[in-house]
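Student: Quick one: the structure is below, questions incoming.
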Amino acid sequence: MSGGPIRGTRRKSSFSGNESDCVELALRGGAVLARDSKNRTGAVLVFTPTAWSDFLKAVASGELAGS
(Lines give C-alpha, C1' and ligand atoms only; values in the text may rest on other atoms or scores of the structure.)
Protein backbone atom coordinates (compact mmCIF):
# COMPACT_ATOMS: atom_id res chain seq x y z
CA MET A 1 0.00 0.00 0.00
CA SER A 2 1.34 3.43 -0.79
CA GLY A 3 2.10 6.03 1.84
CA GLY A 4 -0.62 8.03 3.43
CA PRO A 5 -2.55 8.26 6.62
CA ILE A 6 -4.08 5.28 8.33
CA ARG A 7 -7.56 6.52 9.04
CA GLY A 8 -9.51 5.38 12.04
CA THR A 9 -8.33 4.17 15.41
CA ARG A 10 -4.63 3.40 15.67
CA ARG A 11 -2.90 1.55 18.48
CA LYS A 12 0.65 2.08 19.67
CA SER A 13 2.40 -0.36 21.99
CA SER A 14 2.39 0.63 25.65
CA PHE A 15 5.96 -0.71 25.78
CA SER A 16 7.14 2.18 23.62
CA GLY A 17 6.37 4.77 26.29
CA ASN A 18 7.12 8.25 24.97
CA GLU A 19 9.69 6.93 22.52
CA SER A 20 9.01 7.06 18.81
CA ASP A 21 10.72 3.76 17.91
CA CYS A 22 7.60 1.74 17.40
CA VAL A 23 4.84 0.88 14.99
CA GLU A 24 1.22 1.86 15.00
CA LEU A 25 -1.51 -0.58 14.07
CA ALA A 26 -5.03 -0.19 12.76
CA LEU A 27 -7.76 -2.50 11.54
CA ARG A 28 -9.50 -1.70 8.28
CA GLY A 29 -11.65 -3.86 6.05
CA GLY A 30 -10.55 -7.09 7.71
CA ALA A 31 -6.85 -6.24 7.36
CA VAL A 32 -4.18 -5.25 9.88
CA LEU A 33 -2.32 -2.10 8.82
CA ALA A 34 1.09 -1.22 10.28
CA ARG A 35 3.23 1.88 9.92
CA ASP A 36 6.33 3.45 11.44
CA SER A 37 5.23 5.96 14.06
CA LYS A 38 8.12 8.26 13.10
CA ASN A 39 7.00 8.40 9.45
CA ARG A 40 3.24 8.65 9.49
CA THR A 41 2.99 9.51 5.80
CA GLY A 42 5.34 6.70 4.71
CA ALA A 43 4.61 3.18 3.60
CA VAL A 44 1.87 1.14 5.22
CA LEU A 45 2.20 -2.63 5.50
CA VAL A 46 -1.03 -4.58 5.08
CA PHE A 47 -1.45 -8.04 6.64
CA THR A 48 -4.30 -10.52 6.58
CA PRO A 49 -5.40 -11.46 10.10
CA THR A 50 -3.85 -14.92 9.62
CA ALA A 51 -0.52 -13.50 8.45
CA TRP A 52 -0.45 -11.05 11.38
CA SER A 53 -1.21 -13.84 13.84
CA ASP A 54 1.54 -16.00 12.34
CA PHE A 55 3.98 -13.07 12.57
CA LEU A 56 3.17 -12.50 16.26
CA LYS A 57 3.60 -16.19 17.03
CA ALA A 58 7.01 -16.20 15.27
CA VAL A 59 8.15 -13.16 17.25
CA ALA A 60 6.95 -14.63 20.56
CA SER A 61 8.69 -17.95 19.89
CA GLY A 62 11.99 -16.30 19.01
CA GLU A 63 11.86 -17.64 15.48
CA LEU A 64 12.73 -14.20 14.10
CA ALA A 65 15.51 -13.41 16.59
CA GLY A 66 18.82 -12.34 15.08
CA SER A 67 21.68 -14.80 15.03
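The values are calculated or read from the model by the stated rules, or taken from the named source; none is laboratory data. All figures in this text were calculated on a predicted structure; none of them were measured in a lab. All Cβ positions, even for glycine, are placed from backbone atoms using ideal geometry, and neighbour counts span all protein chains on display.
Student: So is ASN18 among the polar types (S, T, N, Q), modelled with pLDDT under 75 and either more than 11 Å from the chain's Cα centre (by Cα) or part of a loop (DSSP other than H, G, I, E, B) (or both) or not?
Tutor: Answer is yes for this residue.
Student: Looking at ARG40, is it of a type in the set (Lys, Arg) and surrounded by 15 or more Cβ atoms within 10 Å (Cβ to Cβ)?
Tutor: In short, no.
Student: When GLU24 is evaluated against the numbered criteria (1) in contact with a Gly (Cβ under 8 Å, 6 or more places away or on another chain); (2) modelled with pLDDT of 80 or more, which criterion, by number, is the only one it fails?
Tutor: Answer for GLU24: the failing condition is (1).
Student: What residue, among those in the range 33-50 that are part of a loop (DSSP other than H, G, I, E, B) and among the basic types (Lys, Arg), is nearest to CYS22 (Cα to Cα)?
Tutor: If we take residues in the range 33-50 being part of a loop (DSSP other than H, G, I, E, B) and among the basic types (Lys, Arg), then LYS38 is nearest to CYS22 (Cα to Cα).
Student: Is there any pair with a first residue in the range 56-67 that is without any contact (Cβ under 8 Å) to a residue 12 or more places away in the chain and a second that is surrounded by 10 or more Cβ atoms within 10 Å (Cβ to Cβ) and small (Gly, Ala, Ser) whose Cβ atoms are under 6 Å apart and which are 6 or more apart or on different chains, and what are they?
Tutor: Pairs found: LEU64/ALA58.
Student: Still on this structure, I have one more. Surrounded by fewer than 12 Cβ atoms within 10 Å (Cβ to Cβ), modelled with pLDDT of 85 or more and small (Gly, Ala, Ser): does that describe ALA31?
Tutor: The answer is no for ALA31.
Student: Another one. Going residue by residue through the range 40-60, is there one that turns out to be out of contact with any Phe, Trp or Tyr (no Cβ under 7 Å at 6 or more places or on another chain), modelled with pLDDT under 75 and of a type in the set (A, V, I, L, M)?
Tutor: The answer is no, given that none of the residues of the range 40-60 is out of contact with any Phe, Trp or Tyr (no Cβ under 7 Å at 6 or more places or on another chain), modelled with pLDDT under 75 and of a type in the set (A, V, I, L, M).
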